[in-house]
Amino acid sequence: MKSKILTLIILLFVFSCKEDKKDKDVAEREVQLYTIEQFMDNEAVGGGSFSSDNSKLLVSSNRTGIYNAYTVPATGGEMTPITQSDSTSYFANSYFPEDDRMLLSADGNGDEIDHLYVRELDGSIKDVTPFEGVKSSFYGWSKDDKHLYYGSNKRDPRFFDVYKMSIDDYSSEILYQNNDGMNFSGMSEDETYFALSKTVNTNDSDLFIYDANTKETIKVNDNLSANSAQDFSKDNSKFYYTTDDGSEFSYLMSYDLATKEKKKVVEKSWDILGSGFTSEGTYMVVYVNDDGKNVIEVTNTATSQLLDLPDFGDKSITSVSFSDDEKWMRMYVGGSNAPSDLYTYNLETKAQHRITNVLNDDINPKDLVTAKVIRYKSFDGVEIPAIYYLPHQASEDNKVPAMVWVHGGPGGQTRQNFSSLMQYMVNQGYAVLAVNNRGSSGYGKTFFQMDDRNHGEGDLQDCVEGKNWLATQPEIDGNKIGIIGGSYGGYMTMAALTYTPEEFDVGVNLFGVTNWMRTMKSIPPYWESFREALYKELGDPYSADSVRLKRISPLFHTDKVTKPLIVLQGAQDPRVLQVESDEIVAGVRKNGVPVEYVLFEDEGHGFIKKENQIEAYSSIVKFLDKYLKEDKPLDGEIESQEIESESE
């Protein structure tokens, strides 16, 4: 027995030495620094619809700098461009079910007014929803493969009706007229039952089943809760949905359309994000949001056995879909330290094929940083989850500056996904703490609702406490910590600089809200079904709430800003109007504070063109290098620098 214990101790010692050597090798290896051009030479690929004979996949790629549609052999090979736009981004939706026509979508340079296009067999491209100012969305194919379903707000700009389009002549008929501000959420394959949802608030929604034969609408949920339609069974007898009724997290339920009986199907310790059946119903796919990371289960519906998915080591399968005959599966595989690659898997032969290699060959994968999930206590004891990226070159002897990253929303979540901007910042020597402040999704509905009518207050203090946590880390220079965010995160950046002006050393505002009254009044008409929910969470700009909305709007408090700021904005943004950024820049400049402004005429709410991404991300890091990384001068020296900056 003693000899066994001694052997175990020796083995543990040897293993420990190997791990120490591994850590030492990483620490001693010089991390290569990369340019933004090298990071943006990574390719982003999305979609993956199988052709009717399973020989090809239809995907979207930004390899030319603009998203276009491509086909690629299902077993791997060269991509063939289907669209070759140098301005408008085209995205792949699906192959047609019985021929090689393709369904695509595109908007007007980020204005979010999407149209549906067909790439005909002769190579020509036809707009099949050519209605000016009208938004159209693909919903799926009919069981007989002769029609496609889509949503459109052409009848009423506020509401989306459901249409059925013939794939022969592209003529349409309306299947469901939405007069009540419902959201279409799915349909049975026999076109009898329509799943509809109505938003109650930003967490809760009611779920309904509309019977096209009886014209009856039945409410599915009994209590106020978050309910989301997932799928109908292939025999049209059951409806599947997720709900958090009586629970912190969403679980999967079935609803018998004849008897109205409900049964719990799957429950996890985290939210079930989604679920659905393959085309013939052989498999059911379940997505779980496990601490900001996708976990996927594929179950054989006949045997209830989990399908053995391929093992990718330290990378995760982030999404899957199947061919119509259920013989092939396509998978995206990646992680916080690796952009997602596309794979295919033949379920009969077990053959696995890597379709893409999207990471730029110039980049050594070992130089990328794997995110860690950390948690810290906020000002009132609430535990805040966050995703932490620490540069390889950081150490107690080589302290690095840091940025608190705030996601969009309200109600978003920073997840353990790859981000070129984050990895570029980290590679350049900036630690990043992506805070999932109170009000973030994914951590239970109590946590999600904590920021209601409390925006720019409790959630902002969570970000400040994230900064305080960073300052205690031995590898971080606690005197050089800034804040960055996009959309709602951009608002949080400006809130930090106005309401806690001495906490952060710089701010990076990507298309952030700065005037809540104007933003709430300028909500696009097609957001009508969600508008009231936003008013409940944030406040009604047409009521007494306007007092609070003005109080939490950074635009009216720009005189408090004392720290350098960079603002980035898309001129076509329909959500956060350009005037928001124009005015915040003008207001802060009156203080004599360094302000940089980067405006893109051909972008909307987020930047998707590589040329613009390169300019945006390089501008951010150059700004940080100048105002955060460099040793900060005394106040008087700052003032003289600001005057020089303004004169330039």
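The values are calculated or read from the model by the stated rules, or taken from the named source; none is laboratory data. The structure displayed is predicted, hence computed values, not measured ones. For neighbour counting, all protein chains shown are included, and Cβ atoms are generated from backbone atoms with ideal geometry for every residue, glycine included. Accessible surface is based on the protein model in full, side chains and every heavy atom, while ligands, DNA and RNA are left aside. Shrake-Rupley method; radii C 1.70, N 1.55, O 1.52, S 1.80 Å.
Considering ARG101, ARG119, the condition of being on the phi < 0 side of the Ramachandran plot, over 27 Å from the mean Cα position of the chain (by Cα) and open to solvent by less than 40 Å² (accessible area, probe 1.4 Å) is satisfied by ARG101 alone.
In segment 467-482, is there at least one residue being assigned to a helix (DSSP H, G or I) and charged (D, E, K, R)?
Yes: segment 467-482 contains one or more residues that are assigned to a helix (DSSP H, G or I) and charged (D, E, K, R).
Look at segment 180-191: where a residue is under 14 Å from ASP145 (Cα atoms) and a partner is small (Gly, Ala, Ser), sitting 6+ places away or on another chain with Cβ atoms under 7 Å, you get GLU191/ALA212.
Identify, by number, the condition in (1) among the acidic types (Asp, Glu); (2) part of a loop (DSSP other than H, G, I, E, B); (3) open to solvent by less than 70 Å² (accessible area, probe 1.4 Å) that ASP206 doesn't meet. Here ASP206 meets the rest and fails (2).
Taking residues in segment 411-424 that are free of Cβ contacts under 8 Å to residues at least 60 places away in the same chain, and partners anywhere that are among the aliphatic types (A, V, I, L, M) and crowded, with 20+ Cβ neighbours inside 10 Å, the pairs with Cβ atoms closer than 8 Å and at least 6 places apart or on different chains are MET422/VAL432; MET422/ALA434. The one condition from (1) polar (S, T, N, Q); (2) within 23 Å of ASN360 (Cβ to Cβ); (3) modelled with pLDDT of 95 or more; (4) part of a loop (DSSP other than H, G, I, E, B) that SER60 does not meet is (4). Residues to consider are TYR332, TYR389; find the one that is aromatic (Phe, Trp, Tyr) and open to solvent by less than 10 Å² (accessible area, probe 1.4 Å). Residue meeting the stated conditions: TYR389. When we screen GLN416, GLN449, GLN473 for residues that are at pLDDT 95 or above and of a type in the set (S, T, N, Q), the only hit is GLN473. When segment 74-96 is filtered for residues that are closer than 27 Å to GLU348 by Cα, more than 21 Å from the chain's Cα centre (by Cα), open to solvent by 50 Å² or more (accessible area, probe 1.4 Å) and in contact (Cβ under 8 Å) with a residue 12 or more places away in the chain, only THR75 remains. The residues in segment 287-320 that are open to solvent by less than 60 Å² (accessible area, probe 1.4 Å) and in a strand (DSSP E or B) can be counted, and the count is 15.
When the residues of segment 325-339 are filtered to those that are within 17 Å of the chain's Cα centre (by Cα) and not in a loop (DSSP other than H, G, I, E, B), the one that is nearest to PRO97 (Cα to Cα) is TYR332. Beta carbons closer than 6 Å, at least 6 apart along the sequence or on distinct chains, pair a first residue in segment 119-131 that is over 16 Å from LEU58 (Cα atoms) with a second that is among the polar types (S, T, N, Q) for THR129/SER136. Residue selection: GLU528 satisfies the criterion of being part of a helix (DSSP H, G or I), more than 30 Å from ARG375 (Cβ to Cβ) and open to solvent by 30 Å² or more (accessible area, probe 1.4 Å).
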